[in-house]
Amino acid sequence: MNFKNREFIVRNGLYWPEILRKDVPKSKTALQPIFEAFTNSLEAIRDKQKEDKDHKGKILIRIYVVEGAIEETHYFKKVSIIDNGIGFKDDQFERFNIFRDVRKNYKNLGSGRIQYAHYFDKTEIESVYEFEGIFYKRVFYVSKAEDFLKHNSIVYHKECKKVEAIESETTITFNDLIENSDVYNSLNDATLKEKLLERYIHYFCYNKNNIPEINIEFYIHSNKESESHITSFDLPSIDKTKTIPLFYSRKTDLGIEKTNESEEFMIDAYKIPKDKLKENRLKLVSKGEVIEESEVSLDILANTDTIKGNKYLFLVSSNYIDSRDTNLRGVLNIPTRNSFERDLFASDKEIFLEEIKEEVNTSINSMYPEINEVTQKHQQDLSRLKNMFLLDEETAKSINISINDSESEILKKFYEAEAKKEASIDASIKESIDNLDKLDTRNPNYEEELEKEIDRIVYAIPMQNKKTLTHYVARRKLVLDLLDKILKRKLHVQQQKENYDEALIHNLIFQKGSNETDKSDLWIINEDFIYFKGSSEKQLSKLEIDGVRVFKNKFSEEEERYLTSLGENRKIKRPDVLLFPEEGKCIIIEFKAPHVNASDHLTQIDRYANLIRNYTIDQFQITTFYGYLLGESIEPRDVLGSVSRYEYSYQFDYLYRPAENVIGFDGRSNGAIYTEVIKYSTLLKRAQQRNKIFIDKLK
């Protein structure tokens, strides 16, 4: 035996804190430690079968959870993976402790166990193995805890001693999850079975007649609640297989050129009933495991498309893909054409990522004519969208549109691309603006010179932008016409018994639940509002500004008493609209149904302002408020007759209240609020007047 009992395994030339931080960071795949251990179990069984070809492999996974306070919730405790493979003999344990060891397999660098340390505070391995007819039991731990790293180690070898046994067996137990994880808390035998089938479907299908006996057991407080099994009956059959050659490229003095050297890529296609496969998928496979994240995607079939009740899974494998796996298992180092061209230290030859993607998708289209038909339909739908919204064909060629993009996502990409064109337009516009300095309104040729500059700008602006401006003005008119119909109760939905008026107006002006003010129609109230940050009907306790929670997480005893007093929970109040024009300022907008007397709700905005003034975190000291109470049933004498300081603005047909105090509690200074009470019909008239000049020009 080459290892001492009760010693930290230290390797010269390795500095583990740096390796953990830079060389092999924490995987983004939460279940990566389990996948690593499961892969090791498969390999250990294969090694055992080399010694005994009749050996029947077994893998048992036990998941342990405890019940949470809320019914049917669980919290992960630990998971054990047990196999009857070859075990951790001295040679195997030696390789386990060498970083970037290629003796096991040139594609396997032995970095997987580092994920044990990233995810779990303590991983315990107990392994019984046979050597020269005698059984030994080895026990060791993996961790990146401080007492390990201070010895510059992540492995502690507890002991190795002779034992009485009849079969080799290894148990890997993951204890003490370092960070709480919903993935692990929702883990049970059924969900893990599904994850393993997704991850190892390629390996399972190619070893269908020789997969180990795989059982998964689920325990709650050490009582077995359920179990699942993975057998050959769970595995779909390969529907079609196609092998395609992809050629290497190399750098030359003339640029990048194709070589005559190629690698074979195998496409395995599975046709699976839609109730068993949620989405159509195209996945790369490395060393028998499906890669969860890669830029090679299915471009000819949307995730949700179903053909004759089936969805499709395509798995692409190649020795080239295996050789491009990295220290972080499943993260591939396959270059794009551009990255290869820029990389001064690139290898002599490579196969590019985009070429893999293009050739695989083309081959799949030829394998399945029915998929080609669906692809054509998606192209027709895109053409229809372009025509409907006057989208520029030139812009379409410059952006990457995925077959999985929704119509709204496609439109967003178009508009973002169009926005980038403004940079080139700005130069021409600036030149015309600079030329204004030379104009003289007294000159008889003034109008002619001005028209020249106008024509210059019109020429610089593409037709698409002109169409967009027309679309913008026309849309505003339709929105105002729709508001008019709502106020006159002419919509079909308003003929029902339920009163939808307030919700219809609210969603017209700013969709409930949205925080995209730039896509709202808040301009009906004030043109500036669409440029402010804000949200629509957001619970106060969940309100965020720039991703930071506004309200406190913890309150004093007195604050908590008030916020939940009189049978109310004031933390879950939902103002209709909150806008934040700048630091320290807040706009509160409340909508009332047209038939509701708005004067009955004069203090509602004040109460919201008080909550925001007093119960936000110190970072958000909001002291200036502007309130807008919007309705249609507004009787000025009701508002003026209330115990308040509202005044009537005869010129603009609305009521306003000059600044009032917003009282600060518990040491906070007072704020101030200015409030207006306005009819929807008044807002409509104002907006129609602003829009009228543009509509008249279009006519």
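The values are calculated or read from the model by the stated rules, or taken from the named source; none is laboratory data. Please read all numbers here as calculations on a predicted model, not as lab measurements. Reconstructed Cβ throughout: ideal geometry from the backbone, glycine too, with neighbour counts over all protein chains shown.
Some notes on this structure:
- Only one entry in Glu126, Glu164, Glu159 is of a type in the set (D, E, K, R), out of contact with any Cys (no Cβ under 8 Å at 6 or more places or on another chain), surrounded by fewer than 22 Cβ atoms within 10 Å (Cβ to Cβ) and assigned to a loop (DSSP other than H, G, I, E, B), namely Glu164.
- Filtered residues of the range 41-69 (kept if within 22 Å of Asp121 (Cα to Cα) and touching an Asp or Glu at 6+ places or on another chain (Cβ under 8 Å)): Ser41, Ile61, Arg62, Ile63
- Screening the range 22-47 for residues that are outside any loop (DSSP other than H, G, I, E, B) and within 24 Å of the chain's Cα centre (by Cα) and picking the one that is farthest from Thr171 (Cα to Cα) gives Gln32.
- The number of residues in the range 182-225 that are of a type in the set (Phe, Trp, Tyr) and more than 31 Å from the chain's Cα centre (by Cα) comes to 2.
- Meets criteria (under 27 Å from the mean Cα position of the chain (by Cα), under 30 Å from Asp481 (Cα atoms) and in the same structural domain as Asp666 (by TED's automatic domain parsing)) for Asp528: no
- Scope the range 242-255; condition surrounded by 15 or more Cβ atoms within 10 Å (Cβ to Cβ) and among the hydroxyl-bearing types (Ser, Thr, Tyr); matching residues: Tyr248, Ser249
- Filtering Lys56, Lys48 for residues that are buried (at least 19 other Cβ atoms within 10 Å of the Cβ) and not acidic (Asp, Glu) leaves a single hit, Lys48.
- Residues of the range 285-327 that are closer than 20 Å to Ile34 by Cα and either under 21 Å from the mean Cα position of the chain (by Cα) or not in a loop (DSSP other than H, G, I, E, B) (or both): Val285, Ser286, Glu289, Val290, Ile291, Glu292, Glu293, Asp325.
- Count of the range 496-529 residues, restricted to those that are of a type outside the set (Phe, Trp, Tyr), in a loop (DSSP other than H, G, I, E, B) and free of Cβ contacts under 8 Å to residues at least 40 places away in the same chain, is 11.
- None of Leu235, Leu246, Leu177 is touching a residue at least 40 places away in the same chain (Cβ under 8 Å) and more than 27 Å from Tyr119 (Cα to Cα) except Leu246.
- Total residues in the range 586-608 satisfying the condition of being over 18 Å from Phe510 (Cβ atoms) and touching a Ser or Thr at 6+ places or on another chain (Cβ under 9 Å): the figure is 8.
For every residue, the table says whether it meets (1) within 30 Å of Leu469 (Cα to Cα); (2) buried (at least 20 other Cβ atoms within 10 Å of the Cβ).
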residue: Asp618; (1), (2): no, no
residue: Gly627; (1), (2): no, yes
residue: Asp653; (1), (2): no, no
residue: Val662; (1), (2): no, yes
residue: Arg668; (1), (2): no, no
residue: Thr675; (1), (2): no, yes
residue: Ile693; (1), (2): yes, no
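- Of all the residues in the range 201-241, those that are part of a helix (DSSP H, G or I) and either out of contact with any Leu (no Cβ under 8 Å at 6 or more places or on another chain) or surrounded by fewer than 15 Cβ atoms within 10 Å (Cβ to Cβ) (or both) number 6.
- Top-ranked residue of the range 554-571 - restricted to ones that are in a loop (DSSP other than H, G, I, E, B) and in contact (Cβ under 8 Å) with a residue 12 or more places away in the chain, ranked as nearest to the chain's Cα centre (by Cα): Phe555
- Taken over the range 1-42, the criterion of being acidic (Asp, Glu) and surrounded by 16 or more Cβ atoms within 10 Å (Cβ to Cβ) is satisfied by Asp23, Glu36.
- Any hit, the range 205-221, residues being among the hydroxyl-bearing types (Ser, Thr, Tyr) and at pLDDT 90 or above: yes
- For Leu344, the requirement of being not basic (Lys, Arg) and not in a loop (DSSP other than H, G, I, E, B) is not met.
- Residue match in the range 340-352 (condition: under 26 Å from the mean Cα position of the chain (by Cα) and on the phi < 0 side of the Ramachandran plot): no
- Filtered residues of the range 504-532 (kept if under 23 Å from Val677 (Cα atoms), out of contact with any helix residue (DSSP H, G or I) (no Cβ under 7 Å at 6 or more places or on another chain) and either loosely packed, with under 15 Cβ neighbours inside 10 Å or charged (D, E, K, R) (or both)): Glu527, Asp528, Tyr531
- Inclusion of Leu298 among residues that are under 30 Å from Leu31 (Cβ atoms) and assigned by TED's automatic domain parsing to the domain that holds Pro369 is warranted.
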